[in-house]
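Engineer: Sharing a structure, written as structure tokens. Questions coming.
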Amino acid sequence: TKLPYPSFALLGEPGAGKSTLLFKLFRDSLERHRADPSAPLPIFVSLSDHKSGHPGDFLRRHWQKVMKRDGLEEALEAGRVWLFADGLNEMDRRRYFAHLVLWRNFLRQCFQLGGNRAIIACRIADYGEGLELPRLLIHPMDEQQIKDFLQKRIPSKAKAIWDEIERDRREGRGDLYQLATIPFWLVMMANVARGKGLPRNRAALVESIVAQWLDWEASRPGGRVLQESEREEFVDGLAGLAWQGLFKSEYTTYSEKDALKLISQGKRGGSLGASDLLEVARACSLITCNKKTRLVKFHHQLFQEYFAGRVLARRFTAGKRLNHLWRIPWRKWRFVKSRWDPLPDPPRTGWEVTTVLAAG
């Protein structure tokens, strides 16, 4: 069936569920293809893996790795490819704008009505004009959706959690309610609910989750028990890994060798080895490690930004110079030509969410 647009940008707030939705759409498409080989061929890629070269070359390498054969060009020419690309904002920031132009041209050339289709996910604040595609927006959850989720996730405490969220909004603070409208943070709230009140901001929520997951790791059969000093080493090591990665992109993939090196540099002494630290982080679902490719990344982009935020806060407290992190040459800022229109927002640098978490 011919549909009005061959490509879309899927946009939402950090933690809104873009990756989850995109992967579900991919899985549904994959099941259709398995049932009917003549159906479109779905491809799922993470754009944080696009380090260099043309998008077509990047997709060809991915195709060959997954399919174990050539044939991408033929599939594209036949109009049979459905592309699901996650994390436009996660591409290498040093080549970001050049890659953006390449992807824009590639989509215009190869994705036409009645043929290949694509959905590209990106954080809404980072998108700007982006790929100049029609936009699909993930809206915040409403009250009923929040209540339904809590009832299914943690029925014994659902009412108490909702009452606290609602009281926070009624008293004019509203921070908890705004967080609860975003699935990632609502999951965090449900997971840390202990009857002692919810943490008051994003950073405190993640901090509680990290502590809880370390407790679970210590209590499971064969799990690693970290003493208080080792927990500090653990946090320092992951903070060093996240901090260095953020200079490259908002969501960085590391080789295992580089990850161990950065963890060692981030730790301030102690007895916990970098390999042990990485294994505990993997067991706690803070880090994912691909055993075949030996590639490492944080389980969610917000975890990387949280740990990097700890370093940012520490450096700010120590009085270290930080403005170089988000400085943008003024020539890259597109000013409006009309004397009547307001100035656009300043260019995004990728440090915005990390700074919010650092402040928390």
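The values are calculated or read from the model by the stated rules, or taken from the named source; none is laboratory data. Remember, it's a predicted structure, so these values are computed and weren't measured experimentally. Reconstructed Cβ throughout: ideal geometry from the backbone, glycine too, with neighbour counts over all protein chains shown. To get the accessible areas, we keep the full protein, side chains included, count just its heavy atoms, and leave off ligands, DNA and RNA. Shrake-Rupley method; radii C 1.70, N 1.55, O 1.52, S 1.80 Å.
Engineer: Residues in segment 274-284: is at least one part of a loop (DSSP other than H, G, I, E, B) and under 26 Å from Trp185 (Cβ atoms)?
Structural biologist: Yes, segment 274-284 contains a residue that is part of a loop (DSSP other than H, G, I, E, B) and under 26 Å from Trp185 (Cβ atoms).
Engineer: Another question, then. Do you know which residues across segment 198-218 are touching a residue at least 24 places away in the same chain (Cβ under 8 Å) and either open to solvent by less than 40 Å² (accessible area, probe 1.4 Å) or touching a strand residue (DSSP E or B) at 6+ places or on another chain (Cβ under 8 Å) (or both)?
Structural biologist: Selection gives Leu198, Ala203, Ala204, Leu205, Val206, Val210, Trp213, Leu214, Glu217.
Engineer: Condition first: in a loop (DSSP other than H, G, I, E, B), in contact with a Ser or Thr (Cβ under 8 Å, 6 or more places away or on another chain), open to solvent by 30 Å² or more (accessible area, probe 1.4 Å) and at pLDDT 90 or above. Can you find one or more residues in segment 289-300 that meet it?
Structural biologist: yes
Engineer: Turning to a different aspect of this structure: Give the number of residues within segment 130-144 that are free of Cβ contacts under 8 Å to residues at least 60 places away in the same chain, open to solvent by 70 Å² or more (accessible area, probe 1.4 Å) and of a type in the set (A, V, I, L, M, F, W, C).
Structural biologist: Count: 0.
Engineer: Specify which of the listed residues (Ser38, Ser48) is more than 23 Å from the chain's Cα centre (by Cα) and among the polar types (S, T, N, Q).
Structural biologist: Every option except Ser38 fails the conditions.
Engineer: Does segment 155-183 hold any residues that are among the charged types (D, E, K, R) and either under 25 Å from the mean Cα position of the chain (by Cα) or loosely packed, with under 12 Cβ neighbours inside 10 Å (or both), and which are they?
Structural biologist: Those that are among the charged types (D, E, K, R) and either under 25 Å from the mean Cα position of the chain (by Cα) or loosely packed, with under 12 Cβ neighbours inside 10 Å (or both): Asp163, Arg170, Glu171, Asp175.
Engineer: Here is a further query. Report, by residue number, each residue of segment 91-132 that is of a type in the set (Phe, Trp, Tyr) and in a loop (DSSP other than H, G, I, E, B).
Structural biologist: Within segment 91-132, Phe111 is the sole residue that qualifies.
Engineer: So which of Lys147, Lys152 is more than 25 Å from Thr355 (Cβ to Cβ), open to solvent by 30 Å² or more (accessible area, probe 1.4 Å) and either at pLDDT below 90 or touching a helix residue (DSSP H, G or I) at 6+ places or on another chain (Cβ under 8 Å) (or both)?
Structural biologist: Criteria check complete, one pass: Lys147.
Engineer: Let me ask another. Kindly list the number of the only condition in (1) of a type in the set (Gly, Ala, Ser); (2) part of a loop (DSSP other than H, G, I, E, B); (3) modelled with pLDDT of 85 or more that fails for Ala313.
Structural biologist: It is condition (2) that Ala313 fails.
Engineer: Of all residues in segment 261-288, which are surrounded by fewer than 14 Cβ atoms within 10 Å (Cβ to Cβ) and charged (D, E, K, R)?
Structural biologist: Arg268
Engineer: Within segment 276-295, is even one residue within 16 Å of the chain's Cα centre (by Cα), closer than 22 Å to Arg123 by Cα and small (Gly, Ala, Ser)?
Structural biologist: Within segment 276-295 (the criterion being within 16 Å of the chain's Cα centre (by Cα), closer than 22 Å to Arg123 by Cα and small (Gly, Ala, Ser)), the answer is no, since none of the residues qualifies.
Engineer: Moving on. Would you pick out the residues in segment 219-257 that are closer than 28 Å to His50 by Cα, open to solvent by less than 50 Å² (accessible area, probe 1.4 Å) and either in contact with a Cys (Cβ under 8 Å, 6 or more places away or on another chain) or hydrophobic (A, V, I, L, M, F, W, C) (or both)?
Structural biologist: Scanning segment 219-257 gives Leu238, Ala239, Leu241, Ala242, Trp243, Leu246.
Engineer: Another question about this same structure. If Gly270 satisfies all but one of (1) within 27 Å of Met141 (Cβ to Cβ); (2) of a type outside the set (S, T, N, Q); (3) not in a helix (DSSP H, G or I), what's the number of the condition it fails?
Structural biologist: Only one criterion is unmet by Gly270, namely (1).
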